[in-house]
Structure formats: structure tokens, C-alpha cells
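Structure, as C-alpha cells:
What follows draws every value from the coordinates through simple rules; no lab data is involved. Remember, it's a predicted structure, so these values are computed and weren't measured experimentally. With ideal geometry, Cβ positions are generated from the backbone for all residues, glycine too; neighbour counts draw on all protein chains shown.
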Amino acid sequence: MAMQMLPPNWPGNFWAHWAIFAVVILVFVLLMVMFFIWLERRAMAVMQARLGPNRAGPFGLFQPAADALKILIKEDIIPARSDKLVHWLAPVVAFVPAVLVFAVVPFWGGALLADLNIGILYVVAISSVTIVGIFMAGWSSNNKYSTLGAMRQVASVVSYEIPVVLSLVGVILLAGSLSMQQIVAAQDIPFILLQPLGFLLFFTGALAEINRAPFDLTEADSELVAGYMTEYSGMKFGLFFLAEYAEALAISAIVTTVFLGGWRGPLLPPWLWFVGKVVIVFFVIVWIRTTVPRLRIDQLMALAWKFLLPLALLNLLITAAEILFWPAVSLWVLIPINFAVMIVLVLLWSRLFKLGWGKVEV
Amino acid sequence: MTLALSGKDIAGKIEKKFPGCVVESAAESLLVKGESLLEIAAYLKNTPGLDFDYLTAVSGVDYLDCFEVVYHLTSLKNNHSLVLKARCYDRANPVLPSVVGLWRTADFQEREIYDLLGISFEGHPNLKRIALWEGFEGHPLRKDFL
Amino acid sequence: METTKTKEIVINTEPFVVNFGPAHPSTHGVFRMRMTLDGEVIMDMEPVFGYLHRGLEKLAEERTYTSCIPLTDRLDYLAPMSNNLAYCLAVEKLAGIAVPERAEYIRVIIAELQRIASHLCAVGFFLNDCGAFMTPVLYMLRERERILDLFDMVCGQRLTYNYMRVGGVSQDIPEEFIPALKKFLKEMPGWLDEYERLLKDNEILLARAKGVGILPRDLAINIGASGPVLRASGVRWDIRRADPYSIYDRFEFDIPVGTAGDCYDRYRVRVEEMRQSLRILRQAIKDLPRGEVRSEVPHLIRPPIGEAYGHLEGPRGELGFYLVSDGSIAPYRFHVRAPTFINLTALADMMRGWKIADAILIFGSIDICMGEVDR
């Protein structure tokens, strides 16, 4: 192998590998989610001129643990006229795919559960299964807020999946592989520099898919109370909450892997690079959440179909052309070109583009 | 300064147009007959020079022998105001015409008076209780409500 | 021979009814909107009131004129000082009581501070309704806190002040009040500029608020809208200028008006009004005279038989008190012209055809306070 991907003394046995990584992923997800909850609350507090949780443990670090404990001992309320089985199943269906995504995310060279040769396709496919759980929750709750929230989520995921996937194709073209491992290996220059527009589109679309501000219409607390989660309590609510942060973690991990060079980086151990980058990406997500107001549903759709989709297609076209016509050109030359393309396209399109159409005559 | 028009001057004008409709006129207010309230209100709203385009407040008072509804009218155009009053003496079934057609301000306020004092406003599009629940017995702002 | 006919598939959709409130995060209390929705679009809306109805008007009929003042605190709990003042103005008009010069100035200072505090809340929660997750409102509450500290100095309270009295104010302002107010006046314009930089041209805010929930000029007058809602629709009507009460005729200030009457204009008018209030405050502390803060008023006020309507330009609109006296120590009738209650008249007209998210925004831009709506 030209590239040393496996650290020495890695357990080679298939089942041992499988078992170890299953545990590692679960622990990683749960710990990171707890850390993220703390980070989000503290970072938001600082940005909003208040203190945030600071009582449980040093800097309030144990606050998520305390919350988890509290949520575990809460009463589990099931609405009287709900669809009980679906209501029970929904949090599970929502949570599992968010964890499954990590099966192909490399924490280190070779340190991943399964190096699928279709890794990125797997990610795209699996991560959209969550929406089934969310719609199940919205439907089974027998609550109009829930239904509205779930329908908004389905609409936004269906729309945003397209630009998200298309913006990933540019990366795949550059890396020449669908395997996450290979994509990281191909990033001598992080792809965020080579695919600035792709990154922008992917990040925007991903924010909408995991329903984070400014696209958090699904739970829009000022409109739909809590969206699809309105009727959930106790540990089921906890699972949804967990799923939401696990999704945010998954998106941060994918952005890290695909655009920021994954575990690669000088000096520090690779896993630390990986975690550090993930935390930075998540911090940006939190930052956006505290900064911008929410879009309306028609504006959300308009953004996907009129803004992101054409730009994603153009991005794909330009990337393909670059690879086809200048296969030998140094990648460093492409960086300024791609940045220029991004700036021109985004400015041009935001001139042409108008959000939403407003009022409907009734 | 909003000029408070004298009820007497306006009463003179109204007497000319609608004879016998003004019951009592004082410096600060003008009391008109309940039946002709709507016509007089329309006259006050639409006559150039008066232009009472803004209904500030509608208040109901229970004087035990009668109910009085007080309309505070303002003209944003000419910056003057007038207090218009109407009374109904039937305690069991007090009725007055609704002015919602002229000023929609009266919409919620007439409902409130209907709710709390029990005066029905004829011609109100949606006359039902507003502060209390349907089925509440009595009208709390009446002086004989205990 | 059979002909195959293509059947036209018609999907019948039915409107459905959603109750927004009385317990909902964005109804600013316990307001309820019975919305008929077609998907996300609002077909019709019916407001339902009364969840906070405490019968204040009936309560007041059994209290003396002075002991009604705490009741007015409970009306619009985001602007109690204005309510106190409006009530005192009405009683003074009814009983013909004069107010000392210094008290007039203190009243103006306090009322304008209250207007800023109330508008900060209004703008902050409007942006919160717009979906800006708590950030603007928390910054604005930070500034409101400064004003509450000032009120705390004056009367020892932070929410229900009970500060104004018939014939003046309950006590003189303490020595440290004016320096603290000067400091506030120095810092506040900077904060306002900071909000303007962040919000005025925010792309999402423009997309969400511009052109949304238009209240046309004629309709605004017809429904008796008042305050920022009326002015945003392009009517230059401010009772401080049109019918100057207290000593407002001595100050220079502008009346900001909107053009379109949409949510964005209502937000802009409020921000500009805060600047004008700062202007009035600056003039007021410059001219503040020495002297009494309360005229000689008997403990039990017995106004002559008659009636009076006292009104002022509160932060949310024209707040009026219609008092009828029968010569006794308690008002015979105590009626509140609640501005937010009347501003809600056109809510359904403004909402029809917009989406749920807009409805929340429109509702937020009217800036209501349930304590006043239901009384």
C-alpha cells in the first residue's frame, strides 16, 4: 500500500474490529453530543450576553449529564388518541440512522468501522432515513403542530437533498472515489479551497437538512411550539434531542471529512485533528443559530430550488470542465480560479434571485 | 391641541338636519336619541368640516335608571373632538344601533359592552361575549350585579 | 367498443382549524387565535380573548381614587408608569387638580424612559417571533434592565411601580438618579446604532418583514389603531403633539412615520421613537426645576359629579381612562381605552392570505400586552 493507513497493531480480526468500533462509535457519539449540548448552551450564552449553565460541575460541564438523568426519570406521556406503535417507534427510527452514519467516517487513517467503497453514497442515503422517523413522530402524535412541523421537514429534506448531493459530486470528481477514506487521502489541499462553492452549498443545504437556524422551521419554537416533538416527553423526547445533536455531529463530521481534510494535519495526533475540526464546524453552526432570524417555508423552498440547485449544477459543470480540460494543471492554480467563480456566481445569483412570493389571495 | 367641540354648536347643526333627535346638549357632550344614533354618527363622520374619522373609545355606563353609551369621537384631519352619547332605558332588553359599519373600532368595544353591561347592538356582525365565557350568567359591570 | 376515459384526479383538500394559544410560546401571554388553515396559508382567523380577564373595571368601582393606581400597574405590565400617568391625568382632569412644575418634568422623564423600555421589549420580542433565537431580545433586555434600575432608584420597584400620584408623584427623585440617567443617555444611542447595524439591513429580516401584514392607512384610521401601529401606516398622529398633555408642548421632537404600514415599518417606527424619546429626555433633564413634587391633595379625593376622559400617548398607543364620578370617594365608572385591544381589531385582515410564520410576525409587530387587552 502506497499510503500507510492502518496504525500499527490494529486488531485485524473482523469481529473484534466490528465490536470495538461499534462501542467506539456509540461512546464517541454520546460523549460528543453531551459536549455539544454544553458547548451550544455556553457559546450561545456568551453570544447573548448571559451566563449559561454554570452550576453543575466546573463551567457547568456536567449540565448535560444532569439533564439526561432528569429526562430519564420523567413521566412518559403518550397522547390518548395517538398511534401508539408508531409513536413509540419514531424516536428509534430517527436516532439510529444518525448513529449509523459514523460507520464510514474515518477518525484516523483506517480507523473506521467499514471502509465502504461507496461511503459517501451510504452517508447520503442513511442520513435521509431520519426524516422517516420525524414524519412518523409528527403523524402519530395526533397533533396539528406536530403534523405541520413534520410536513415542513419532509418538504425541506426532499428539496435540499438534491443540491446537497450535487455539491458533493464535485468533491467526488476531484477525489476520484466514493470512499470516505480515499477522499481524505486525496486531500493534500483541503477541498474547501478547491471547492469553495461546493462547500458553501453543502453547508447551507446540510443546515436545512438537520433543521438548524435559519432553517429550523420544523420545530420553529415561536410558531409550532416544538414541531414534531410537541407531544413527546421523557426519554423519547431525549432520544429526539439526542438524534438532533447526533445529526449535527454527523454533518460536522462529514464536512470535516469531505472538505476540511478529515484527520489529516501536522503535529497533533490525527484523532485530535478530527475532533477539533468537528468542534469548529459545530461552533460555526451554533454561531449561525444565534445570529440570523428564521426563513419562511416558501422562502426556504425558493432558496433550495432557485438558488442552491442552479449553483450546484454550475459548480458541478465547472469542476468537471476543469478536470477534463486541465488534468495536469497544479491544484494550487485552481484555488484562485474557483474562489473567483464562487464570488461571481453568488453575487450574480443573489441579484437575480428573489426570496418567496409572499401573500396568497384567499 | 385637540379642540373639544361644544355639544351645543353641533346640536344646532344636527337639529337642522335631523329635527328632534338631540335630547340634551351641554358644553362637553351631546346626548342623542338611540334610534337616530346611526344617522347622526354617519352625519358626523361624513360631513366636511366635522370629519370625525376616528372613534377613540366607546364606553358604557350603568346609571341604574338608564344605560348610557359614550362615544369619544376625534377628527384626525381637523384635530377636534366630540363626546357623543346615547341612552337606552329598557333595563330588561337594552338595544342600541351598532356603529361598526362606520368605525370598525367599535367592533370589540361593543362586544365588550354587550358582555359586561348587556346592551345589544343591532347590526353588529359578531355580537358575542368577549371577556367572559359563553353561558356566563349576568353582566358584571351592571350596578345591580353582585 | 369501450373508450378509455382518462379520469381527472382531483385531490380534495380541506381547511383545518388550529388553535394558537392560549398557551403558546408566541402569543405574548394568553391570547388565542383560532386559525383556519389551508396547508400553511391562513384562510381566516378569529381572536379569542378573556383568558386574563380580571374584572379590573369592576374592581376599581369599589376602591378610592388613589388606591386605583396599583390596579393600573396591572394593565400593561411592560409600561406601568404610562398607565399610572394616564389614570392620574384623568383624575386630575375630573377633580381639577394642578400639578407642580417639577412633578411634570419628572413625569415626562419617567414616561419617556418607560417608552424606551417598552419599545425595547417590543422590538426584541418581535425579532424573537421572527425566529432570531433569543439573541436580539436578550441584548435589548440588557438595556431595559438599565431603565428598570433607574425606576428602582425612583420608587423601589421593578415591575409594578405605583409611582405616580394624583397631583404629582409619590416621592422626589433621589440625588443619584440624574447622574445615572445622564450616563444612560450617553450610552443608549451607541447601543441603538449597534442594533441598527445588525438588523436594519439584515437580508432575512427584510425578506420576512417587508411587505408583510400591511395595514393600509384608511383601515388603520377606521379601526382606531393608535401608537406605532397607526404611525407606521403613514398617519402623523401623536397625542403628545396633537393634544399635548402634561408639558409636552415645551419639547422639540419629531414624529416618525412609516410609509407602507408593514411589519418592517412598525419595527422602524419603534426604533426611531426611541431616539426621539432620548431627545426629549435630554431636554427635560436640562430644564428640570426645583420645588414640590406633589400638590396638596386630600387623602380621599372627592371629585365633583361629572365625567372626564384623560388620555396620553402610551408606548403601545392611545391609552385613555374614562372616569365617571358620582361625588363619592370611588369612581362610579372606570373604563380603560386599551390601545392594544383596539389595535387587534384588524388582526384578521392583516393575516389573511399569509402563512403561519407571518401570522406570528404580524401579531408580534402589533406588540400587545395581555394584561391590557383583557383587563
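Here are some notes:
- Max mean-square fluctuation residue, GNM over chain C, Cα-Cα springs under 10 Å, options C:183, C:210, C:93: C:183
- When the convex hull of its Cα atoms is viewed from all sides, segment B:7-97 shows a mean projected area of 5.6 nm².
- Per residue, the convex hull spanned by the Cα atoms of segment A:119-173 amounts to 50 cubic angstrom.
- Amide H within-cut-off set for residue B:60, under 5 Å, with H built and near neighbours excluded: B:70
- Treating each Cα of segment A:223-362 as an identical point scatterer and summing with the Debye formula, the log10 of I(q)/I(0) at q = 0.12 Å⁻¹ comes to -0.81.
- Across chain B, Cα pairs under 8 Å and at least six residues apart give a relative contact order of 19 percent.
- Per-residue mean of foreign Cβ neighbours for B:105-112 is 6 (Cβ atoms of other chains, 10 Å radius).
- Stokes-Einstein D in µm²/s, Kirkwood radius over Cα pairs - chain C at 4 °C with 1.567 mPa s viscosity: 60 µm²/s
- Between residue C:206 and residue A:24, the simple label model (points 7 Å from Cα in the Cβ direction) yields a spacing of 5.0 nm.
- Dipole magnitude for segment A:44-148: about 380 debye, using +1 per Lys or Arg Cβ and -1 per Asp or Glu Cβ, origin at the Cα centre.
- Within a Gaussian network of chain A (alpha carbon springs, distance under 10 Å), most fluctuating of A:206, A:175, A:45: A:45
- Low-density loop positions, chymotrypsin sites (Phe, Trp or Tyr not before Pro), segment C:41-126 - DSSP coil, at most 16 other Cβ in 10 Å: C:77
- Working from label points 7 Å from Cα in the Cα-to-Cβ sense, the residue B:136 to residue C:170 distance is 3.0 nm.
- Paramagnetic reach from residue A:73 (point 7 Å along Cα→Cβ, amide N under 20 Å) across segment A:230-257: A:233-239
- Extension gain (nm, one decimal) between residue A:267 and residue A:348, 0.36 nm per residue minus Cα-Cα: 25.0 nm
- Per-residue mean of C-beta atoms belonging to partner chains within 10 Å, peptide B:50-56: 4
- Structure remark: mean-square fluctuation, Gaussian network model of chain C, C-alpha springs under 10 Å; the largest value among C:42, C:204, C:147 belongs to C:204.
- Sparse-neighbour loop sites [GluC sites (Glu not before Pro); segment C:22-98; at most 14 other C-beta within 10 Å; DSSP]: C:62
- q = 0.12, 0.18, 0.19, 0.27 Å⁻¹: log10 I(q)/I(0) that the Debye formula gives for segment A:202-277, counting C-alpha atoms only: -0.45, -0.79, -0.83, -1.18
- 24 Å Cα-Cα reach of residue B:33 towards lysines, excluding residues that sit fewer than 8 places from it in its own chain: B:8, B:13, B:16, B:17, B:45, B:85, B:143
- Mean per-residue shielding of peptide C:24-30 is 3, counting Cβ atoms of other chains within 10 Å of each Cβ.
- Based on Cα contacts under 8 Å between residues 6+ apart, chain A shows a relative contact order of 21 percent.
- Residue A:158 paired with residue C:247, simple spin-label distance in nm, labels 7 Å along Cα-to-beta-carbon: 6.7 nm
- Once each of the GluC sites (Glu not before Pro) sitting in a DSSP loop with at most 16 other beta-carbon atoms within 10 Å is removed, chain A keeps A:76-360 as its longest stretch.
- Each semi-axis of the equivalent ellipsoid for the protein assembly as shown is √(5λ) with λ an eigenvalue of the Cα gyration tensor; in descending order they amount to 61, 30, 25 Å.
- Cα point-scatterer Debye curve for chain A, base-10 log of I(q)/I(0) at q = 0.09, 0.11, 0.12 Å⁻¹: -0.53, -0.80, -0.95
- Neighbourhood net charge (13 Å Cβ-Cβ; Lys/Arg +1, Asp/Glu -1) for residue A:59: +3
- Filtered trypsin sites (Lys or Arg not before Pro), segment C:267-333: DSSP coil and at most 12 other beta carbons within 10 Å: C:290
- Comparing Cα centroids, segment A:196-236 and segment A:49-67 end up 24 angstrom apart.
- With θ taken as phi - 60° and the Karplus curve 6.51 cos²θ - 1.76 cosθ + 1.60 applied, the whole-hertz 3J(HN,Hα) list for segment C:358-375 is 5, 4, 4, 5, 4, 4, x, 6, 6, 6, 9, 9, 4, x, 8, 5, 8, 6 Hz, x standing for glycine and proline.
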